[in-house]
């Protein structure tokens, strides 16, 4: 439920609407074609590497400049898009046209004779609409009642209309994602942060910074959901939250205790800190509001924003869900796998992933007392787990120095893997699907090679060496920034193309005011999803519970003593002149029965034939040019 | 009134002459029966009864009798009474007993003083007429069927009700479509009749509009100044004038003309098409000749009418001639001609063809004789008279002469005779000329042919002697030769290639690509097929290495997986992917698990730069916890736990000896064992590295729909209708508003009245949904 696709961008939003969480290789074309002009997003960094000579130029002027090559590339792309757009059929809102048709016809003959050059609603490309459609078309297998058909038709109409509207509203997503390109096939991983910071505008360059905090040990970090605020915690008790863009400190305290993890709750006003003994909750002034004693020896924290659940993993091996809106512990599950110190959430379905020392990753939801899925990922213990924003891929790294990417859609099989010299201690996915891995004091970032392709671990997109060993990694939402906490402080790294360029102003607005935040809070609380609804497939809720349906029917049959919907068995007619003898009756009955049976068999046979044909079609390799098989081949061994 | 008097008089009639009286009475009765009386009773017996009867009659028919009748009857009656004489009044004895049947024995003669004689009784009764009516009535009564009993009240009411119901239900049927429409409508807006938005063209609206504001005043003054139309018409005066230029009749006429022209055109077109399709060469030749003749004729005519134009045309012909001379089109230098020339020596047909061509050339290049003006004009004048209708000539003549119409008649006289003669002579002359020209042609042809043949011979000789001639045609030939050679070579090559391919040696370039692909595919398939067959350890290890080594190989696999994943949603479906040899996997597992450590892994052999040592280190570090076997054990346990268990109801000690060490009889145990139904296959059946719980999330299920709502009969139908989310989080604002629009909208302060029958067809709310 959590990150179910949100194609909406609200009409009243003036700035931009949030986009459906796309995988980054999908449908970039559409976006690009919407605004071909080279608008640089305020929060996305567009960088191309330049030679050193350019470095002497003043900073402000550099941003607008771009190497010709890339521009040419872009323009080509745009042309392609335009072409493809021309070829596409265009959908329009049927319903909207209907009532206005008469008027339109009349309007065409205006007094002045002038005609609307673009009559009717704006056309939308079919592909764009398809992106927002939620279900495949319903295929009618047998004749339906009129009423049913009506309802189905209404539903499909509604669906089409909403998807068309959503596609139309995509126009409002005006920002483009950032990118980084090397000159003449230059490896982008050789580009250092200083180069990037030089090339981008001042505001973006200011997002690259280091905090030198060598006193209080390795730091962990957490960005708020809007991407505006940052919480840091050093192991030796240093806790601080601040608006990291303006660098305005909100609070800074030392809790005088070992601190393991920190996490913002639903907004930046509250944050939870996993301290040595208990879980503490502070407000934005650093005042301790709660000390949750039922959660002790917490190692990792996760917050599920749509359910208002704070998930905690403890040293004692318990996974505890704390509902922060009512302050109740929803579930406390014993993982039975020793110390838990690897945890992440799947933003798509709010499932918690735990990594264990026996190389498995287990998936949890609060309603079930055992892991929903247990995947054997590594031959050593699991060091870190990350799940991408679409909920399809999970990256894991283990003590066997492997980094693997798993498919989470049912099969849980590894898609790619790579051995790294030291193994990755920390992993993080960005909103647009970039994967960051921290190995020792080096951070590698991987991305897909080319559009539409899958994340490849062959070559890093960027690398960066930190002053100390990595202790926490997180991409900042809606920014092209990767935050890395390490043993000597915190660094913010520019990663062009990491963040989602368009945000939903009603959902997570980085620029929201105090009042807006309050309103959002109320709304979010009203729309809070019950914890029981967390499941592997959040779409299950839209399906009928077949098991209880069958159970109910069974009970009804038991109650009535007969099946009210059952078809009456065949009863042979009574005939005269001795033709209704018992033998004859039986014969007639068997005749009918056999007929039915034969029909069934015939149907199944047909189905099988079809399937086989399909298989053959799939399997038949192109005609081999080799010699014909000889008759003696069958004796070969 | 009259009757009444009569009756009172009748009472006084003496009884002695009863029969007479009777006869008289009968007369009276006859009178009375005039006004249609039916009395079936015997009047003999009693007068009272009679009285009553007559009273009834009186009541019935009093009004019917006319006054004249009355008077005459009255006279009669008076006469009868007078004839009775003054005899004593008879007293009638009345029979008092009630007897329905009058018996002959019971007839009393008392008071009559006369003996009743049998003869009297037997005498025929006069009054048969009245009895006839009775008979008739009796007959009628007999013939008539008996009327059935009237229905009971309840039944009657029921039938009435039924009829009424049927009628009303039929009446109500006409509402059905409206009801359906309303039920189906996404939204109903009440009151149903809304004042319709005026859908009037703007011109009509503007007509009733008047200038009110100063701005409008200004605008209109401007318009007036520029003489633009202001109010009604939207046309300027010029436009109007142009509209008026042609009257309706004219327009119609013109239209008819045009129509006719078009029709004719189409006919001609059709004809032309037909002719064009004809394949006969002869036909076309004839056609051509005809055409040329026509053209010539026209030309001649033209020559007569306007010589200057004709001259020009001639020049055009001349032009064509010049062009023909310029080109080598119909001469013997063309490719075709050359090829034919070689054959011509031996073949008569080709020779003829060449001749024909040459003739054509000759014809085309022939200079047209432009006759000297003086000669021709004379001829013309003479000829014209015959060929061309007289009027045309006259018209031409009229230029210099007097009015032709005046001259016409006597001209006719003079010209008739020569016109008849001349054409024949002309024809003869023409034919002669043609013959002459033909002869000339032939001569010319022969001459030219000779020249041609000579040329050909020379050329052939030249070719024989000097092959290295540099003339253009030889060059061409050379080129052609080269081309031919090349072609031959290429053919040979192709053949060789084919042979090779047949022999099994694959040609290098194009087929290699086609071949390599399938091989890759095969490998992939092998990989795919192998995967399940491999045990887990192998999987993990080999995958490690493979991923490193054969990224390219795996990529398509991954892509395919990607596809399959995206295509198949539920894990159950994915399990259907055919994977074979589960038993072999299970059986192999233990074996390989045991030999796990001994087998050198690919990772170690192959893995990158540094780490033989480190790998080994790690392995040593984790030697104790064999992760994979642990996992397998776990999985097996989970499988076992999820399996439905049989219930054993056998009790030890029942029917046999019980105690420690005694085993229950196998047969008995079998008898008391309730076998559990087979469980559906586990979701992770074919996923060796995954354990998926079979437990249902009961808490989530509580939120799910667990009934199939009314109109739906299948699950997926209903699921289809609830798939689109409604909230603002998932929809644009407008879509959200539309999705959540109320089903019924009522306008405040409006009275909602029931639909009237008249409005049924026009209620707009059924058709138009509100526009959000």
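The values are calculated or read from the model by the stated rules, or taken from the named source; none is laboratory data. Everything numeric here is computed off the predicted structure, so don't read it as measured data. No Cβ is skipped: glycine too gets one built from the backbone with ideal geometry, and neighbour counts run over all protein chains shown.
Strands (runs of 3 or more DSSP E) fully within the range A:149-268 that include at least 2 residues being over 26 Å from the mean Cα position of the chain (by Cα): A:209-212, A:229-234, A:238-243, A:248-254, A:259-264.
Exactly one residue out of A:313, A:337 is closer than 30 Å to residue A:414 by Cβ and at pLDDT 95 or above: that is A:313. Only one entry in B:691, B:705 is touching a strand residue (DSSP E or B) at 6+ places or on another chain (Cβ under 6 Å), at the interface with chain A (Cβ under 7 Å from one of its Cβ atoms), surrounded by fewer than 20 Cβ atoms within 10 Å (Cβ to Cβ) and at pLDDT 90 or above, namely B:705.
When the range A:377-417 is limited to residues that are in a strand (DSSP E or B) and within 7 Å of chain B (Cβ to nearest Cβ), the one that is surrounded by the fewest Cβ atoms within 10 Å (Cβ to Cβ) turns out to be A:407.
Return a yes/no flag: does the range B:730-748 have any residue that is in contact with a strand residue (DSSP E or B) (Cβ under 8 Å, 6 or more places away or on another chain), in a loop (DSSP other than H, G, I, E, B) and in contact (Cβ under 8 Å) with a residue 12 or more places away in the chain. Looking through the range B:730-748, at least one residue is in contact with a strand residue (DSSP E or B) (Cβ under 8 Å, 6 or more places away or on another chain), in a loop (DSSP other than H, G, I, E, B) and in contact (Cβ under 8 Å) with a residue 12 or more places away in the chain. Filtering the range B:728-754 to residues that are modelled with pLDDT under 90, surrounded by 12 or more Cβ atoms within 10 Å (Cβ to Cβ) and out of contact with any helix residue (DSSP H, G or I) (no Cβ under 7 Å at 6 or more places or on another chain) leaves B:729, B:730.
For (1) under 30 Å from residue B:367 (Cβ atoms); (2) loosely packed, with under 12 Cβ neighbours inside 10 Å, each residue gets a yes or a no:
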{"residue": "B:280", "(1), (2)": "no, yes"}
{"residue": "B:290", "(1), (2)": "yes, yes"}
{"residue": "B:294", "(1), (2)": "yes, yes"}
{"residue": "B:299", "(1), (2)": "yes, no"}
{"residue": "B:302", "(1), (2)": "yes, no"}
{"residue": "B:310", "(1), (2)": "yes, no"}
{"residue": "B:313", "(1), (2)": "yes, no"}
{"residue": "B:318", "(1), (2)": "yes, no"}
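Tell me yes or no: at least one residue of the range B:602-610 is touching a helix residue (DSSP H, G or I) at 6+ places or on another chain (Cβ under 8 Å), within 12 Å of chain A (Cβ to nearest Cβ), modelled with pLDDT of 90 or more and not in a loop (DSSP other than H, G, I, E, B). Within the range B:602-610 (the criterion being touching a helix residue (DSSP H, G or I) at 6+ places or on another chain (Cβ under 8 Å), within 12 Å of chain A (Cβ to nearest Cβ), modelled with pLDDT of 90 or more and not in a loop (DSSP other than H, G, I, E, B)), the answer is no, since none of the residues qualifies. Is it true that residue A:526 is within 14 Å of chain B (Cβ to nearest Cβ) and in contact (Cβ under 8 Å) with a residue 12 or more places away in the chain? Here the answer is no, as residue A:526 does not meet what is asked.
Within the range B:141-167, the set of residues being in a helix (DSSP H, G or I) and surrounded by fewer than 10 Cβ atoms within 10 Å (Cβ to Cβ) comprises B:141, B:142, B:143, B:153, B:154. When the residues of the range A:155-166 are filtered to those that are without any contact (Cβ under 8 Å) to a residue 24 or more places away in the chain and facing chain B (nearest Cβ under 7 Å), the one that is nearest to residue B:721 (Cα to Cα) is A:155. Determine, yes or no, whether residue A:559 is more than 30 Å from residue A:218 (Cα to Cα), out of contact with any strand residue (DSSP E or B) (no Cβ under 9 Å at 6 or more places or on another chain) and crowded, with 17+ Cβ neighbours inside 10 Å. No. Taken over the range A:112-148, the residue count meeting the criterion of being exposed (fewer than 15 other Cβ atoms within 10 Å of the Cβ), outside any loop (DSSP other than H, G, I, E, B) and either more than 26 Å from the chain's Cα centre (by Cα) or at the interface with chain B (Cβ under 7 Å from one of its Cβ atoms) (or both) is 2. Being within 7 Å of another protein chain (Cβ to nearest Cβ) and part of a loop (DSSP other than H, G, I, E, B) is the filter; apply it to the range B:714-727 and report the residue that is surrounded by the most Cβ atoms within 10 Å (Cβ to Cβ). Here the answer is B:724. Taken together, A:495, A:481, A:546, A:470 contain a single residue that is within 14 Å of chain B (Cβ to nearest Cβ) and either surrounded by 23 or more Cβ atoms within 10 Å (Cβ to Cβ) or in contact with a helix residue (DSSP H, G or I) (Cβ under 8 Å, 6 or more places away or on another chain) (or both), which is A:546. Within the range A:223-250, the residues that satisfy the criterion of being over 27 Å from residue A:505 (Cβ atoms) and surrounded by fewer than 21 Cβ atoms within 10 Å (Cβ to Cβ) are A:235, A:236, A:237, A:238.
Would it be correct to say that residue B:228 is outside any helix (DSSP H, G or I) and surrounded by 11 or more Cβ atoms within 10 Å (Cβ to Cβ)? Considered against the rule, which asks whether it is outside any helix (DSSP H, G or I) and surrounded by 11 or more Cβ atoms within 10 Å (Cβ to Cβ), residue B:228 comes out as yes.
Would you check if residue A:583 is in a loop (DSSP other than H, G, I, E, B) and away from chain B (no Cβ under 12 Å)? No: the conditions fail for residue A:583. The set of residues from the range A:425-449 being touching a residue at least 40 places away in the same chain (Cβ under 8 Å) and over 18 Å from residue A:399 (Cα atoms) comprises A:429, A:430, A:431, A:432, A:433, A:434, A:435, A:445, A:447, A:448.
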